[in-house]
Each structure stands twice: as structure tokens, then as C-alpha cells.
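The values are calculated or read from the model by the stated rules, or taken from the named source; none is laboratory data. None of these values were measured; they are calculated from a predicted model. Positions of Cβ are generated from backbone atoms using ideal geometry, with glycine treated the same way; all protein chains shown enter the neighbour counts.
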Amino acid sequence: LAGLVADPRIATGVLVTQWRASRFTAFGIQSLRDRVLNAGSAYHHVTDATERFLGVIKVAPDHRGELLGVATELGELLGGGLPEEWRRASELKRRQWHAALERKAEARRDADAGGDEPDSGLADAAEIERRLAAGREDTTALLLRGLVVARVPVSLSRLRRLYWARPLAPADLERATTEITGYDEEQALLNSSVKANDGFFTTFFVSPYSKYIARWAARRGWTPNGVSSLSMAVGVLAAAAFATGERAGMIAGAVLLQAAFTLDCVDGQLARYTRTFTKLGAWLDSIFDRAKEYAVYAGLAIGAARSGEDVWLLAGIALALQTARHATDFTFNAARDEVIRSSMHEPPRKRSKLLDAGPKDEPESAPATHWVRRIVVFPIGERFAVISLTAAFFDARVTFVVLLAAGAIAALYTALGKLTRSLGERRETALRAGAGSADGPLKAYRDDGPLALFAGRLARRLPVPPLALVGAAGLALLCAAVVTGSGASWELVAVVIAWVVLTAGASSDRGLLGRLRWAFPPLLRAIEYCALLWIAAVAGAGAHPAVFALLCAIAFRHYDFAYRFARRGASPPRWLGAIAGGWDGRLIACTALGAAGAARTGFFIAAAVLATLSVGEAVASWISGDAAERAWSPGDDEEAADAG
């Protein structure tokens with residue numbers, strides 16, 4: 001209960017579990033990105049239930065009016081006796097439960113039950129009837145159903161490994177009392193501090209010991225934000241060790257990087273263990289993760305330069321690939337959130353939706369390839385492990401080659417998955433007719449400047465799909481960069497960049513309502529970053545570290561936008577966007593600097609100005625606390641996205 005009540009991220013929410021209760025003790029709900037989409041009761045069945053509702057609801061003050069309305073409507077519906085729809089649904093549920101009990105008994109006789117239903121107290125049919133009767137009196141399930149029907153955003157708080165029981169008889173109460181007496185709640189809370197969706201390396205090689213460090217830190221009064229800052233400091237030390245270029249420094253950097261990652265795991269586990277959640281902490285953790293990783297890239301490149309090897313462009317490509325992957329995660333989830341929000345504002349039907357019932361058994365399965373997928377998507381734990389191993393035993397070039405190869409496979413795998421989920425039967429990003437808006441995070445995250453916006457207005461009626469325009473821009477850039485490489489003339493660079501700005505910019509006013517609307521910002525990120533790397537390659541080796549610095553500054557701006565919107569529902573101010581110039585303005589300016597022979601100096605100055613303004617404004621915004629309260633943005637944990 002404390003986890004649900006104390007969590008500031010949850011305004012209105014419910015306590016749920018996936019495995020600690022069966023259909024016979026808790027009704028199913030269906031959720032997407034930690035928001036309840038459908039809720040069952042004794043009279044309502046949920047197809048493809050994702051969790052079980054444990055009978056506890058927390059209602060925010062702003063939603064208590066809706067709760068009162070739901071309670072009033074329920075009273076009116078039940079005042080004249082049980083509605084016929086509900087009576088039929090209840091009878092069908094009774095038959096289904098009896099059938100499930102018979103299947104379970106038969107499975108036990110065949111010694112092949114496998115423990116599918118954790119609740120083993122169903123001794124006979126009389127027990128079914130007793131639980132059905134209790135379910136009919138379950139007011140909280142009906143209230144949750146009503147809140148969902150009323151389009152109130154209801155979040156999830158998971159039971160994790162803590163104890164829960166629903167005693168329905170004196171014998172049940174006696175058994176639950178005995179069980180909870182011997183239950184080690186502190187150990188259960190500690191085990192629950194480990195995220196269920198962590199990657200393979202984190203789950204099996206870090207979390208088994210990092211959770212004890214989190215408990216040690218909690219007993220000494222450490223805060224999650226303090227641990228996040230310490231992790232960032234150790235990450236900087238790792239980058240400095242890599243920057244020596246010596247074998248001892250590379251080994252020290254590898255060890256320090258693993259220490260930084262362990263602390264990175266500890267800060268989240270400490271927050272969950274102590275239930276200390278803040279929006280600033282979530283933003284810091286996300287930003288520091290990216291900063292540590294890219295600082296290590298810089299350290300490796302500096303160390304290689306000391307040995308006479310230039311790997312700055314490889315470091316820049318690795319940064320661009322990772323940033324584009326994270327951009328895809330953010331925009332895909334933002335598109336899914338738009339679908340959820342639009343479904344929450346559908347016009348009410350004439351008859352009460354509380355009468356709806358459509359019983360149907362839901363399948364229960366667990367994919368056997370779970371850990372293979374967790375490895376293939378190359379989350380942060382796996383990336384840091386690869387960096388540590390390859391840097392300690394080989395050199396920076398090998399490190400970046402392995403990162404790029406594994407990252408490319410992960411990017412292809414996750415992109416195909418998102419395309420399938422968008423265009424296939426699931427249609428997760430399909431807005432209903434008339435829903436959606438051209439304004440929103442996806443529009444802002446494009447980071448269009450004045451040239452791109454002008455091209456979009458001119459091409460508004462152009463009979464070419466907007467995705468084809470962006471594809472044409474990217475294809476032209478790719479062909480030019482691959483064919484000419486660093487030997488391209490500045491005239492060719494200028495023509496290609498102009499083509500990119502005009503064609504990709506022409507999509508700025510369209511494509512924001514289609515199922516692939518999430519693909520535009522990541523493609524623009526990839527185009528901008530790759531174009532800057534090509535410009536630096538043409539400008540010469542002196543511009544290579546400068547373009548990496550510029551990419552870091554631009555990447556901070558894009559990450560800050562994504563994380564700030566997810567945490568607080570706010571985006572960076574427009575004046576900062578005007579100074580940043582948009583992706584199109586930056587490409588034009590950098591092309592001009594390269595052609596004028598001032599790429600190195602100009603890139604460093606641009607990086608310093610953009611980083612100072614972006615970081616300074618972000619910190620000032622969090623200190624002042626005057627940004628808008630966070631919008632409804634489910635599934636904030638971007639490491640889940642990072643892992644998938």
C-alpha cells in the first residue's frame with residue numbers, strides 16, 4: 001500500500017500483480033504502457049488480461065468528481081436489481097470458472113499441472129461458488145471499471161514480491177496470518193527493488209549484488225540523486241582513464257566503467273527500496289546515463305589519438321546510431337500514447353458502458369526467447385560490458401567496431417518490430433478517424449528550423465508521401481557520402497545539403513497523423529548527424545573531434561527534450577530552439593563553416609554555445625520548478641525502451 005500511496009508519479013492508480021494471484025481471486029485488467037485500458041469484475045470479462053487487480057484504488061483529488069459520478073451511476077444501475085446483461089455475464093463467468101477448475105483437476109491427475117495457477121486453494125466447486133459470491137460484492141472492481149469507462153487515466157502500482165492475500169473465510173484468514181508472520185518483508189522489498197525488465201547482463205551479473213549496496217546506502221541515508229551523481233563522477237573517471245591510451249589506463253577505465261554502471265543500477269534500486277521517487281531524479285538518471293556513455297566514447301577517442309590513431313568519426317557514428325535508436329523508442333511510445341489519449345476522449349454512447357460484458361478466456365503464455373531478445377536489443381548493461389571487455393583486451397577501434405555492429409543489429413531488430421506493430425494487426429500507432437493533432441511532442445521533436453518549415457508550407461499540396469521525401473533526402477546523402485567520402489568538393493556538399501534540407505523539410509507540415517508518424521524524428525536525427533559527420537570528414541582530421549563535441553551538444557538538446565517531456569510534460573523554450581537553428585539551420589551553417597575553412601573552430605564554438613545554453617536552461621528550469629506539470633505520458637522508464 002505504501003508503494004501506491006507514496007509514489008508521486010501515480011495520481012490515480014491501482015495495485016496489481018501478474019503472477020501472485022489467479023483469476024479466481026482477482027479480476028483481470030488490460031493495460032498498455034502502465035495505463036489501465038480495460039478492467040474486469042464479476043460481471044465484466046477482460047480479453048487478454050495483462051495483470052490482476054488486487055482491490056486497492058488510489059484516487060487523486062482531481063478525479064474524485066468522476067469517482068462520485070461512477071458511484072452514483074452504479075447505484076442507479078443496481079437500484080432496480082441486477083441488470084440482465086450483468087446476470088448473463090455472471091452466469092457465463094461461473095461456467096468458465098468451473099470449466100477451468102475441471103481442466104486443472106485433470107491436469108493434476110495427469111501430473112502435468114506445471115503450476116500455471118499460483119492459487120491452489122480451489123478444493124471443489126463449492127469454493128468456486130464462494131469466490132463468485134465474494135466477487136459480486138467487490139465494489140472496488142466495479143468502481144475501477146467505472147473510472148476506466150469514464151476515461152480517467154489510471155496508473156499501475158505493482159505488488160512486486162510483497163505479500164498479498166484475499167481471505168474469504170476464517171480458515172483463509174488463519175492461513176494468511178500464519179504466512180505473513182513468517183514473511184520477510186524487508187527481503188521481499190529488497191528483491192523487488194530490481195527491475196523486472198532489465199537486460200540479461202544487469203539481471204544476472206549486476207543486480208544480484210547491487211541490491212545489497214542499495215540497502216547499505218539506504219541505511220546510511222544516501223539519496224538516489226546522490227548515487228546518480230556519484231555514478232556520473234565515476235563514469236568521468238573511467239573516460240579519463242581511457243583517455244590515457246595506455247594498457248593500464250584502458251584496464252582501469254574498464255573497471256571504473258563497471259563500477260559506474262553498478263552505481264547506476266544502485267540509484268534506481270535505492271529509489272524503489274526506499275520509495276523515494278522524484279521527477280528530477282528520473283531526469284538526472286536518464287541524462288547521466290547518456291552523458292557517461294558519450295564521455296567514455298570521447299575518452300576512448302582521445303586515448304587512440306595519443307597513439308596516433310583517429311577514431312573520432314567512429315565515435316561520432318556510434319553516438320549517432322545510439323541517439324537515433326533512443327529517438328525511435330521515444331517517438332514510438334509517444335505515438336502509442338497519442339492513441340491511448342485519443343481513446344480516452346471518445347464520445348460516450350447513449351447506453352451506459354458499465355453494462356458492457358463480453359466474456360472470453362484469455363491466453364496465458366511466456367515466450368521462451370525472452371533473454372535472447374533482451375541481449376539482441378543491446379541495452380546499456382550489454383553496451384558497457386562490451387566497452388569494458390574490448391577496451392581492456394584490445395583497443396578503441398575494436399571497441400567502436402563491435403559497438404557499431406551490435407548496435408546496427410539491435411537497431412534493425414527493434415525497427416522491424418516497431419514497423420510490424422504499427423502496420424500489422426496490432427496497429428498500435430493507428431489513430432481513430434478524426435483523432436490526433438498536428439501539434440504535440442512528435443511535431444516539436446522534429447526540431448525543424450525556419451528553412452524546413454518554409455519548405456513544408458510550400459510542399460503542402462505536393463502529391464508525394466512525406467516519408468518518401470525524407471527517404472529521398474537520406475538516400476541522396478548516403479550515396480554522396482559513400483561514393484565520394486572525404487574527397488567530395490564543397491560544391492557537391494552544398495548541393496547535397498540543400499537537397500536534404502528542401503526534401504526532408506518538405507515533410508514538416510505533413511505525416512503527423514499516419515501510423516508511421518513516429519519514424520520522422522529518428523530519421524531526421526540520423527540524417528542530421530550523418531550529414532555533420534560527412535561535412536567533418538570533408539573538412540579534414542582537425543574537424544573530427546570538433547564535430548564529436550558538436551554532436552554531443554546537439555544530442556543533449558534532443559535527449560533533454562525527450563526526457564523533460566516524459567517527466568514534466570514540458571519541452572525546452574522556443575527561444576532556445578530559435579538559437580539552436582533547427583536541424584536544417586545547423587546543416588546550412590556547418591556547411592558554410594566547412595567551405596570557409598573554419599570547421600574546427602566553428603564547430604567547437606557552436607558546441608560550447610549550444611551546450612552552455614541547453615544545459616544551463618535545463619538546470620535553471622528544474623531549479624525554478626516553474627515548468628508545466630508532467631503531461632499524461634505513460635511508461636516513463638526509458639531504460640525499458642532502451643532495452644527494447
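Count of the stretch 38-60 residues, restricted to those that are in contact with a helix residue (DSSP H, G or I) (Cβ under 7 Å, 6 or more places away or on another chain) and of a type outside the set (G, A, S), is 9.
Residues that are under 30 Å from S192 (Cβ atoms) and under 19 Å from the mean Cα position of the chain (by Cα): does the stretch 293-305 have at least one?
Going through the stretch 293-305, the residues under 30 Å from S192 (Cβ atoms) turn out to be 293.
Filter once more, so that each one left must be under 19 Å from the mean Cα position of the chain (by Cα): 293.
For the stretch 293-305, residues under 30 Å from S192 (Cβ atoms) and under 19 Å from the mean Cα position of the chain (by Cα): present.
For H44, the conditions (1) surrounded by fewer than 21 Cβ atoms within 10 Å (Cβ to Cβ); (2) touching a residue at least 24 places away in the same chain (Cβ under 8 Å); (3) more than 22 Å from the chain's Cα centre (by Cα) all hold with the exception of (1). Residue selection: G597 satisfies the criterion of being in the same structural domain as P441 (by TED's automatic domain parsing), assigned to a loop (DSSP other than H, G, I, E, B) and at pLDDT 90 or above.
For D560, are the conditions met, namely being acidic (D, E), crowded, with 21+ Cβ neighbours inside 10 Å and more than 25 Å from the chain's Cα centre (by Cα)? No, not satisfied. Tally time: how many residues in the stretch 43-72 are acidic (D, E) and either within 16 Å of R151 (Cβ to Cβ) or not assigned by TED's automatic domain parsing to the domain that holds L147 (or both)? Within the stretch 43-72, residues that are acidic (D, E) and either within 16 Å of R151 (Cβ to Cβ) or not assigned by TED's automatic domain parsing to the domain that holds L147 (or both) number 2.
Collect the residues in the stretch 279-308 that are of a type in the set (G, A, S) and either closer than 14 Å to P224 by Cα or assigned to a helix (DSSP H, G or I) (or both), keeping them in residue-number order. Even if it seems obvious, please write down each step before you answer.
So the first thing to find is which residues in the stretch 279-308 are of a type in the set (G, A, S), and the list is 281-282, 286, 291, 295, 298-299, 301, 303-305, 307-308.
Within the stretch 279-308, G281, A282, S286, A291, A295, A298, G299, A301, G303, A304, A305 qualify.
Report yes if some residue within the stretch 478-492 is touching a Leu at 6+ places or on another chain (Cβ under 6 Å) and either polar (S, T, N, Q) or modelled with pLDDT of 95 or more (or both); otherwise report no. I'd like the intermediate steps shown before the answer.
So in the stretch 478-492, the residues touching a Leu at 6+ places or on another chain (Cβ under 6 Å) come out as none.
Scanning the stretch 478-492, I find no residue that is touching a Leu at 6+ places or on another chain (Cβ under 6 Å) and either polar (S, T, N, Q) or modelled with pLDDT of 95 or more (or both), so the answer is no.
Within the stretch 460-484, residues that are in the same structural domain as I527 (by TED's automatic domain parsing) and over 19 Å from K443 (Cβ atoms) reach no partner that is of a type in the set (K, R) and modelled with pLDDT under 95 with beta carbons closer than 8 Å at six or more positions or on different chains.
In the stretch 141-151, the qualifying residues are those that are among the hydrophobic types (A, V, I, L, M, F, W, C) and crowded, with 22+ Cβ neighbours inside 10 Å, and the one that is nearest to L67 (Cα to Cα) is L147.
Have a look at T244, T331 and point out the one that is out of contact with any Cys (no Cβ under 7 Å at 6 or more places or on another chain), crowded, with 23+ Cβ neighbours inside 10 Å and touching a residue at least 60 places away in the same chain (Cβ under 8 Å).
T331
Per-residue answers, yes or no, for (1) under 20 Å from the mean Cα position of the chain (by Cα); (2) more than 19 Å from L321 (Cα to Cα); (3) assigned to a loop (DSSP other than H, G, I, E, B):
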| site | (1), (2), (3) |
| --- | --- |
| V402 | no, no, no |
| I409 | yes, no, no |
| T420 | yes, yes, no |
| A430 | yes, yes, yes |
| A444 | yes, yes, no |
| A455 | no, yes, no |
| V464 | no, yes, yes |
| V470 | no, no, no |
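Only one of the numbered conditions (1) surrounded by 15 or more Cβ atoms within 10 Å (Cβ to Cβ); (2) within 26 Å of F561 (Cα to Cα) is violated by R457, and that is (1).
Taking residues in the stretch 380-406 that are touching a residue at least 60 places away in the same chain (Cβ under 8 Å), and partners anywhere that are of a type in the set (D, E) and surrounded by 15 or more Cβ atoms within 10 Å (Cβ to Cβ), the pairs with Cβ atoms closer than 6 Å and at least 6 places apart or on different chains are I380/D642.
Of all residues in the stretch 230-278, count the ones that are part of a helix (DSSP H, G or I), more than 29 Å from Q187 (Cα to Cα) and charged (D, E, K, R). Going through the stretch 230-278 one residue at a time, the tally reaches 1. Selection over the stretch 141-174 of residues that are more than 28 Å from the chain's Cα centre (by Cα), more than 16 Å from K58 (Cβ to Cβ), touching a residue at least 12 places away in the same chain (Cβ under 8 Å) and assigned to a helix (DSSP H, G or I) gives a count of 2. Selection over the stretch 177-197 of residues that are closer than 14 Å to L159 by Cβ, assigned to a helix (DSSP H, G or I) and either hydrophobic (A, V, I, L, M, F, W, C) or in contact with a helix residue (DSSP H, G or I) (Cβ under 9 Å, 6 or more places away or on another chain) (or both) gives a count of 5.
Listed here are the residues, each with its yes/no results for (1) modelled with pLDDT under 95; (2) hydrophobic (A, V, I, L, M, F, W, C).
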residue	(1), (2)
T331	yes, no
E346	yes, no
E382	no, no
T390	no, no
R397	no, no
L403	no, yes
A408	no, yes
G424	yes, no
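Suppose the filter is under 28 Å from the mean Cα position of the chain (by Cα), among the aliphatic types (A, V, I, L, M) and not in a helix (DSSP H, G or I); does L524 pass it? Spelling it out, it is not the case that L524 is under 28 Å from the mean Cα position of the chain (by Cα), among the aliphatic types (A, V, I, L, M) and not in a helix (DSSP H, G or I). With respect to the conditions (1) surrounded by 23 or more Cβ atoms within 10 Å (Cβ to Cβ); (2) hydroxyl-bearing (S, T, Y); (3) more than 20 Å from L256 (Cβ to Cβ), S342 falls short on a single one, namely (1).
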